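What follows is a set of notes on a single structure, which appears directly below.
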Amino acid sequence: MPRILLHRAAVYTLLAAAVLIVMFPLVWMALTAVKSNGQIINPAAPLWPTEWHWSNIPDAWGKAPFARWFVNTVVFAVAATLGQLAAGMLAGYAFAMFDFPGRRVLFALALSGLMIPFSAIIVPVAQILGDLHWLNTYQGLIVPNIASGLATFLFRQFFLGAPRQLAEAARIDGASELRIFWQVYAPLARPATAALGIILFLQNWNNFLFPLIAVNTTKMQVISQGLAVFQSQMTTQTQYNLIMSASLIAIVPVLLVAVAAQRHIVEGITLGAVD
């Protein structure tokens, strides 16, 4: 018994240390956001603020169009996530349930999108958006992100484990393939859809590189771009407290989503672990 207790104590100690290491940058950012510039610049100043400057947050909000950036980010993240879920579910269902020529090759091509870094295809993507006149538009932000190899893979893994007898019974009753998908198998995939939807939403919310080439106007920028612009402006003015306040504004919504949905995120990560 003492050995078991000692082992558990060691495990909990290591976990607590890991949590502190991971949380420290976030805690430091939150505390710095309510400090004065003097406290931030002073190397002898304590981590805990001696004076709380809560006005830093509304000051940062008023110095840049954060409301517009939040609207753009919500539209982009929600629409792209819904599109990725719909396309991924349909593609994953087709790869799992139907046997057609070239299925393995097409599935390998779908997965290849996960292996090619986006930086390698920036130039052709920018050229295509320019030819379509989709630069600085919502469709330019959303449509190229609808295809998702991750969603296709995870939904295929899920539907491979779904019982085929349900489809056979529905066909006997005269149901079409689309009706079988929508009314029989799609409801079964709700837990997987919720988990994957949260993961994709977090990815889209934090996406920086693609919006950087798709939009270049303040009116259409998303929060990740706007935060970078705001940081460059405030750095020249040495207003580091406003930079931290803006970072806190940008991270709070996605942090709340991640904390509230952490159980679904873990389910999504382990969804395709077993074939």
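The values are calculated or read from the model by the stated rules, or taken from the named source; none is laboratory data. Just so you know, these numbers come straight off a predicted model, no measurement behind them. Every residue, glycine among them, receives a Cβ derived from its backbone with ideal geometry; neighbour counts consider all protein chains shown. Only protein heavy atoms, including side chains, enter the accessible area calculation; ligands, DNA and RNA are left aside. Shrake-Rupley method; radii C 1.70, N 1.55, O 1.52, S 1.80 Å.
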Distance in nm between pseudo-label sites at Val252 and Gln165 (7 Å out along the Cβ direction from Cα): 5.3 nm
D (Stokes-Einstein, µm²/s), Kirkwood Cα radius, region 106-199, 1.567 mPa s at 4 °C: 80 µm²/s
Amide hydrogen neighbours beyond the local backbone of Ala33, cut-off 5 Å, H modeled: none
P(r) weight above 23 Å for region 149-238, C-alpha pairs, percent: 51 percent
Model label zone, Trp61; criterion: amide N under 11 Å from point 7 Å along Cα-to-beta-carbon; scope region 5-33: none
Pairwise Cα inverse-distance average, inverted: Kirkwood Rh of the chain (Å): 22.0 Å
Base-10 log of normalised Debye intensity for region 1-134 (one unit scatterer per alpha-carbon) at q = 0.10, 0.13, 0.18, 0.21 Å⁻¹: -0.81, -0.99, -1.10, -1.25
Potential lengthening between Val125 and Val259 on full extension [0.36 nm per residue; Cα-Cα distance subtracted]: 44.9 nm
Cα-based equivalent ellipsoid of region 2-54: semi-axis lengths in Å, sorted from largest, via gyration tensor: 35, 10, 8
Span-like helix ranges in the chain, DSSP H, alpha carbon extent 18 angstrom or more, Kyte mean at least -1.0: 2-32, 66-97, 103-115, 190-205, 223-236, 240-260
FRET E, pair Trp28, Arg190, Förster distance 30 Å, beta-carbon r, rounded to 0.05: 0.20
In sequence order, calculated HN-Hα J values of region 48-61 (Karplus, 6.51, -1.76, 1.60; Hz; x Gly/Pro): 6, x, 7, 9, 9, 9, 5, 5, 4, 5, x, 5, 5, 4
Contact order relative to length of region 59-272, as percent, for alpha carbon pairs under 8 angstrom and 6 or more apart: 35 percent
Surface accessible to a 1.4 Å probe, per residue, for the residues of region 58-133, Å²: 56 Å²
Potential extension, Phe118-Leu20 segment - 0.36 nm per residue separation minus Cα distance: 32.0 nm
Rounded to the nearest 10 Å², the accessible area of Tyr138 at probe 1.4 Å: 70 Å²
Whole-number D in µm²/s for region 85-145 (Stokes-Einstein; Kirkwood sum over Cα pairs; 4 °C, 1.567 mPa s): 94 µm²/s
Stokes-Einstein translational diffusion, region 211-252 - Kirkwood Rh over all Cα pairs, 1.002 mPa s, 20 °C, in µm²/s: 200 µm²/s
Check: region 11-143 dipole with +1 on Lys, Arg Cβ and -1 on Asp, Glu Cβ, in debye: 80 debye
Among 122-128, 18-24, the order from most to least packed when residues are scored by Cβ within 10 Å on average: 122-128, 18-24
